[in-house]
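The structure appears below as structure tokens.
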Amino acid sequence: MREYKELISNPEEIGLSSSVLNNYEEVMKKAFDDKTLKGAVVLVARHGKIAHFKAYGNADEDKAMDTECMFRLASMSKMVGTVALMQLVDQGKIMISDPVSRYIPAFASKKVAKVVDDKVQLVDAVREITVHDILAMTSGIVSTWSSGDPGRDYSAACMRDAGINDAMHDLDLTLEEYINLLAPLPLAAQPGEIWEYSNSSMLTVARIVEIVSGLPLDEYLQKNIFEPLGMEDTAFFPSKEKWDRFPYVYAAGTGEKLTELDVPGTDDTRVPFGTNKKFFNCAGGLMGTTYDYFRFAQMLLNGGELDGVRIISRHAVELISMNHVGSKRDQFYGHAWGYMANVQEEYNTTFNYMGNGSWGWHGYWGTVFNIYPQKDMLTIFMSQCSPEPPSWKIQEQALSVASSAVLD
């Protein structure tokens with residue numbers, strides 16, 4: 001059991017309502033009755049103190065969910081990789097305006113798939129992709145699914161033909177080998193022209209971290225983020241003795257336990273990796289506990305430091321959490337976009353975080369973190385379900401309860 005009792009506070013002492021936070025009981029009960037979720041862990045913190053940290057439901061049929069359970073973080077991994085790159089920006093080793101080709105020469109002289117006279121042609125990119133472009137997901141690198149847009153789908157098909165798969169469960173590749181496949185391929189749009197969510201953009205960030213630091217990504221993260229923050233249970237490949245701490249994945253809507261056949265590339269539905277253990281997927285492959293991610297998120301809320309240890313500069317946190325895409329953003333969650341982070345600028349009909357100015361991101365298996373600087377608070381919600389969309393409303397309810405609990 002981790003020692004964090006000194007961080008637990010009476011909610012009223014930090015301006016939160018106990019009675020409102022108790023509403024989680026009913027929210028979770030309904031989610032379980034509806035078979036949307038099997039179990040979840042919720043953590044709410046304010047002013048650096050934990051007001052609510054509780055497990056609900058089950059991790060398995062005969063095993064209760066526990067606050068010590070470990071979760072597949074999926075796309076919440078992206079923020080960890082972003083912080084890693086921003087550390088190198090703080091050190092002057094990377095500039096946000098740098099062309100990616102400064103670190104990966106194969107990204108120079110890119111081609112763009114463009115529809116001309118009803119035919120897809122490859123034209124020269126008007127400028128190089130920058131570090132800013134890949135962090136903001138405006139590089140023209142897209143996902144591998146088809147959309148119906150001929151130019152974009154041509155680029156996506158080139159990625160699939162090269163062996164690039166957005167699922168990326170257990171690739172027999174290193175990050176270097178993955179990026180060597182990606183770099184020569186045509187873009188779907190001119191750099192800076194469109195926004196599209198792309199795991200490959202994040203993996204490009206991760207590879208730059210490896211190149212500049214001279215370390216494999218797992219070693220870099222362990223030395224520069226996990227150890228300084230005391231994130232004892234966060235890793236790409238947790239040791240086997242920790243596997244029984246992972247909840248099983250349940251089907252959202254039916255409540256059925258999924259098998260390894262339903263979740264390709266897994267040893268079972270608790271642990272999302274197989275046997276290769278060399279692909280450091282910072283787009284979606286980290287695993288860890290709610291408390292570990294709390295320490296990471298609290299560092300961000302504090303402006304880049306925790307317990308006297310500075311991880312990144314306050315300026316870096318500001319860059320991560322500001323809107324960089326303007327009108328390029330589609331209605332995916334209905335928000336603005338920072339550096340690998342959703343940013344809420346207005347309330348909408350898609351998904352709302354804790355309030356305008358709050359920011360964070362989700363993970364495919366039913367997780368979300370949200371940082372609300374104006375109220376000096378954060379919320380983390382962890383579950384394990386597939387597919388994720390049915391759990392979005394529960395995630396939004398969890399964030400709403402937290403923000404409704406504020407008394408001052």
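These residues, F53, F369, go from largest to smallest accessible area, 1.4 Å probe, as F53, F369.
Compute the helix-to-body angle for 24-33: its Cα long axis versus the longest principal axis of the chain, expressed 0 to 90° and rounded to tens. Value to nearest ten degrees: 70. Give the shape of the range 96-182 as rounded, prolate or oblate, defined through the alpha-carbon gyration tensor: a ≥ b ≥ c are the square roots of its eigenvalues, a/c under 1.5 means rounded, and otherwise the shape is prolate if a/b is larger than b/c and oblate if not. Oblate. Of interest is the spacing of the C-alpha centroids, which for the range 349-377 and the range 145-187 amounts to 29 Å.
Rounded to the nearest 10 degrees, the angle from helix 199-213 to the longest Cα principal axis of the chain is 90 degrees.
Most tightly packed first, judged by the mean number of other beta-carbon atoms within 10 Å of their residues, the peptides 355-365, 291-301 read 291-301, 355-365. Dipole check for the chain: with +1 at the C-beta of Lys and Arg, -1 at the C-beta of Asp and Glu, and the Cα centre as origin, the magnitude is about 500 Debye. Sorting the segments 304-313, 134-143 by their mean number of nearby beta carbons within 10 angstrom, highest to lowest, gives 134-143, 304-313. With R₀ set to 60 Å, the beta-carbon distance separating W145 from H315 gives a calculated FRET efficiency near 0.95. Need one word for the range 121-259: rounded, prolate or oblate. Basis is the Cα gyration tensor (sqrt eigenvalues a ≥ b ≥ c); a/c below 1.5 gives rounded, then a/b vs b/c decides. Judged from the Cα gyration tensor, the range 121-259 comes out oblate (a/c at least 1.5, b/c at or above a/b).
Over the residues of the chain, the helix contribution to mean residue ellipticity at 222 nm works out to -8000 deg cm²/dmol, using -39500 (n - 2.57) for each DSSP H run of at least 4. Its residue count N fixes a reference of 2.2 N^0.38 Å for the range 332-382, and the Cα radius of gyration divided by that reference is 1.04. Entry comment: accessible area of the range 121-231 is 37 Å² per residue, from protein heavy atoms only and a probe of 1.4 Å. Charge dipole (Cα centre; +1 on Lys/Arg Cβ, -1 on Asp/Glu Cβ; no other charges) of the range 185-265 amounts to roughly 40 debye. Using a 1.4 Å probe on the protein heavy atoms, what percent of the accessible area of the chain belongs to carbon and sulfur? Carbon plus sulfur share of accessible area: 49 percent. Relative to the longest principal axis of the Cα atoms of the chain, the long axis of helix 389-404 lies at roughly 60 degrees.
Descending by average beta-carbon neighbour count within 10 Å, the peptides 225-232, 252-259 line up as 225-232, 252-259, the highest first. Taking 0.36 nm per residue of separation and subtracting the Cα-Cα distance, full extension of the segment from V123 to E232 would add 34.4 nm. Let me make sure I get this right: for the range 56-147, a, b and c are the square roots of the gyration tensor eigenvalues over alpha carbons, sorted descending. Under 1.5 in a/c it's rounded, otherwise prolate if a/b > b/c, else oblate. Which is it? The shape class here is oblate.
The values are calculated or read from the model by the stated rules, or taken from the named source; none is laboratory data. All values reported here derive from a predicted model rather than from experimental measurement. Because the Cβ atoms are built from the backbone with ideal geometry, glycine has one as well, and the counts that use them run over all protein chains shown. Keep in mind that these areas ignore ligands, DNA and RNA; they rest on the heavy atoms of the full protein, side chains included. Shrake-Rupley method; radii C 1.70, N 1.55, O 1.52, S 1.80 Å.
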